[in-house]
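Q: My structure is below; once you've seen it, I'll send some questions.
FYI, it's all coordinate maths here, none of it is from the lab. Quantities reported herein were computed from a predicted structural model and do not represent experimental measurements. Here Cβ is always computed from backbone atoms with ideal geometry, including for glycine, and neighbour counts include all displayed protein chains.
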Amino acid sequence: MNNGKMVGTSLRDLCLLRSARRKRASSYDRTGGNNDFIILEPGETETIADVKSPGCITHIWMTMACLEKNSLRKILLKMYWDNENKPSVNVPIGDFFGLGHGITKNFTSLPFTMSPEGGRGFNCYFAMPFAEAAKIKIQSECEKESLRLYYYIDYEVYDQLDPDLAYFHAQWRRENPCQGIPDEGMTSEEFSFGGKNKTGENNYVILDATGKGHYVGCHLDIHNLRDSLDFNWYGEGDDMIFIDGEEFPPSLHGTGTEDYFNTAWCPQEEVCTPYHGIILGGGRNWSGKITLYRYHIQDPVMFEKSIKVTIEHGHNNHRSDDYSSTAYWYQTEPHKVFDILPVKKRIPNED
């Protein structure tokens, strides 16, 4: 904090004096040994950070070892601000750090990285301020195997929090499969490009929130489930973001999935930039698993009352692929309560 305001972290701001106190919650071995981890047995929940003062989480690093298949979807990361009863973050641990499908892979964006070895070093740089308290929990919904978890949670402690700061939220969703239409009797051209969507009602929903705040991005994880030798591009669907309950067409109406994610022309090339990228490009004829990300760091989407971030699953919602996503946003509390699918419905489809 500097004169009651939280100091930024750009290169230009690093020379400014700041009066915050830097602290950390970590899994270091309290005995002085080298067992710098905690162990969660199946079904256990552990609080890994419990701060009781104004402050801001500035960086999270984690890595984990669990022999159970799909553990990245079975283990949940939950965050609570100012003694709330329902979490503001409730996301499978792998998906929270920027990549779905229950896998890891090296990639770099501005707010998230998965780092070597094999993308198993997870990092988050989103600022997460709180006025009174912060609590972070890990919940294992594994069935048989234990979890070994290593972590740093770096944070600053203040005398008081700037009242203009909003609270960080993250929500995971999935539709498996999306409710499309059968392609029997249709030409490839009709299935891929036919029909007109004039309501947006059946779009895949990335975020549905109420309150005042701003949406700061998402990653979208698609498993192409259509087995076809025809043109099998998954991404003809438009993004549509409805702000404050507005009617169709929304103020923010896009032109295609790859366009929203700042790429072009049915891409498969994998690329990582600070604000957008393709972590997984899919296989031949866009088969298999795809991950795209778009972070609104320079262009957050503000809302006064509500926001609904949606995208078509194929043009006119024709396709029936497996869609999952993690959305990130800031808002005032209280937030709209959201649940998470039971563990059996979070498991990725096989390749």
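Q: If you take the beta carbon distance between Met302 and Glu132 as r and set R0 to 30 Å, what does 1/(1 + (r/R0)^6) give as a FRET efficiency, to the nearest 0.05? Before the final figure, lay out each step's value.
A: Working: r = 25 Å, r/R0 = 0.84.
It comes out at approximately 0.75.
Q: At 7 Å along Cα-to-Cβ for each site, give me the label-to-label distance between Phe37 and Ser146 in nm.
A: 1.0
Q: Next up: Only Cα pairs within less than 10 Å get springs; with that Gaussian network setup on the chain, which residue of Glu189, Glu236, Glu246 has the largest fluctuation?
A: Top of the fluctuation ranking is Glu189.
Q: Sticking with this one: What are the extents of the Cα atoms of the range 1-88 along their three principal axes, in Å, largest first?
A: Ordered largest first, the range 1-88 gives principal extents of 48, 35, 25 Å.
Q: Over the chain, what number does the Rg to Rh ratio reach, with both radii from the alpha-carbon atoms and Rh per Kirkwood? Provide the component values of the computation, followed by the final result.
A: Details: Rg = 20.7 Å, Rh = 21.2 Å.
Rg/Rh for the chain comes to 0.98.
Q: Same structure, new question: Please state the charge dipole magnitude for the chain, taken about the Cα centre, from unit charges on C-beta atoms (+1 on K and R, -1 on D and E), reported in debye and rounded to the nearest 20.
A: 1200
Q: In addition: Could you give the distance between the Cα centres of the range 1-65 and the range 234-264, to the whole Å?
A: The two parts, judged by their Cα centres, are 36 Å apart.
Q: Now for a separate question. Work out the FRET efficiency for Thr9 and Asp164 from their Cβ-Cβ distance, taking R0 = 22 Å, and round it to the nearest 0.05.
A: Efficiency for this residue pair is about 0.80.
Q: Now for a different question. What is the mean projected area of the alpha carbon convex hull for the range 218-295, to one decimal in square nanometres?
A: One quarter of the hull surface, i.e. the mean projection, equals 5.8 nm².
Q: Right, next: From the Cα trace of the range 272-351, what convex hull volume per residue do you get, rounded to a whole Å³?
A: 154
Q: What full-extension length gain, to one decimal in nm, is calculated for Lys52 and Glu201 as 0.36 nm per residue of separation minus the Cα-Cα distance?
A: Working it through step by step, the gained length comes to 49.4 nm.
Q: Placing one identical point scatterer on every Cα of the range 147-191 and ignoring solvent, what is log10 I(q)/I(0) from the Debye formula at q = 0.18 Å⁻¹?
A: The Cα Debye sum returns log10 ratios of -0.88.
Q: On to the next question. Which residues in the range 299-321 place their backbone N less than 20 Å from a point set 7 Å from the Cα of Glu246 along the Cα-to-Cβ direction?
A: Zone members listed by number: 299-312.
Q: Based on the Cβ-Cβ distance of Cys266 and Val343, what FRET efficiency does E = 1/(1 + (r/R0)^6) give at R0 = 41 Å, to the nearest 0.05? Display every interim value, and only then the final one.
A: Working: r = 34 Å, r/R0 = 0.83.
Approximately 0.75, to the nearest 0.05.
Q: Based on Cβ point charges of +1 for Lys and Arg and -1 for Asp and Glu, what charge dipole magnitude is obtained for the range 71-172 about its Cα centre, in debye rounded to the nearest 20?
A: Numbers: 10 positive and 13 negative charges, 137 e Å.
The calculation lands at about 660 debye.
Q: For Lys144, give me every one of the lysines with a C-alpha distance below 29 angstrom, ignoring sequence neighbours fewer than eight places off in its own chain.
A: Lys69, Lys74, Lys78, Lys86, Lys105, Lys135, Lys289, Lys344, Lys345
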